[in-house]
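Take a look at the structure below.
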Amino acid sequence: LKAESQSVGGCGGLIGRKKGAVAIRINYDDIKIVFISCHLSAHANKVDQRNEELRRISNSLISKDKRTHDLIVWLGDLNYRIQDVSNRPARSLIQNHLQSVLVRKDQLLQEAERGEIFKGYNEGTLGFKPTYKY
């Protein structure tokens with residue numbers, strides 16, 4: 001078992017809100033598993049900043065460990081948003097079980113499709129109603 005952390009906030013997380021990640025590596029019966037929990041920058045217009053934070057976290061917590069990993073699980077508050085859909089229309093779609101319409105507007109999925117983040121990763125189908133803060 002090995003644990004590491006990486007701050008991505010201003011001045012190493014010393015000022016402002018702290019953002020970053022914690023990784024735990026587990027080697028169980030020759031299966032190498034990494035769990036990464038992260039908290040990225042908020043606000044709809046911070047897509048590029050979140051992408052950069054994910055790259056920094058990945059380079060710091062995964063890439064420097066030259067061992068191969070059998071499974072890497074990312075979780076946390078990634079703060080990607082639904083792009084160009086305001087509060088009421090989004091809530092209406094969710095309440096009417098039409099959240100699949102929102103998937104096309106999901107910043108995280110858009111960035112992954114463009115190859116900006118999570119290259120080589122697979123995500124399961126979203127089978128739950130999203131939380132929608134704003």
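Using helices alone, I'd like the mean residue ellipticity at 222 nm for the chain: each DSSP H run of four-plus residues gives -39500 (n - 2.57), total over residue count, nearest 500. Write out the running numbers ahead of the final one.
Values: 4 runs with 32 residues, N = 134.
Rounded to the nearest 500, the figure is -6500 deg cm²/dmol.
In this label model, His43 and Asn59 are separated by 2.4 nm, measuring between points 7 Å along each Cα→Cβ vector.
Only Cα pairs under 8 Å and 6+ residues apart enter the sum, and on that basis the relative contact order of the range 82-133 stands at 39 percent. Mind listing which trypsin sites (Lys or Arg not before Pro) in the range 21-87 are in a DSSP loop and have 10 or fewer other Cβ atoms within 10 Å? Qualifying residues, ordered by number: Lys64, Lys66, Arg67. For the range 18-73, the relative contact order comes to 41 percent (Cα pairs under 8 Å, sequence separation of at least 6).
Taking only protein heavy atoms into account and a 1.4 Å probe, give the accessible area per residue of the chain in Å².
Working: 9090 Å² over 134 residues.
For the chain, the solvent-accessible area averages 68 Å² per residue.
Here r is the Cβ-Cβ distance between Gln83 and Lys18 and R0 is 30 Å; the resulting FRET efficiency, rounded to 0.05, is 0.70.
Using a simple spin-label model with pseudo-atoms 7 Å out from Cα toward Cβ, Arg104 and Ile26 lie 4.0 nm apart.
Each residue, Thr68 and Ser5, gets one label point 7 Å from its Cα in the Cβ direction; the gap between the two is 3.2 nm. Note down the relative contact order for the chain as a percent, whole number, built from C-alpha pairs under 8 angstrom at least six residues apart. Normalised by residue count, the contact order of the chain is 20 percent.
The values are calculated or read from the model by the stated rules, or taken from the named source; none is laboratory data. For clarity, every value in this text was computed on a predicted model and none was experimentally measured. Glycine gets a Cβ as well: all are built from the backbone with ideal geometry, and neighbour counts include every protein chain shown. These accessible areas exclude ligands, DNA and RNA; they are computed on the full protein's heavy atoms, side chains included. Shrake-Rupley method; radii C 1.70, N 1.55, O 1.52, S 1.80 Å.
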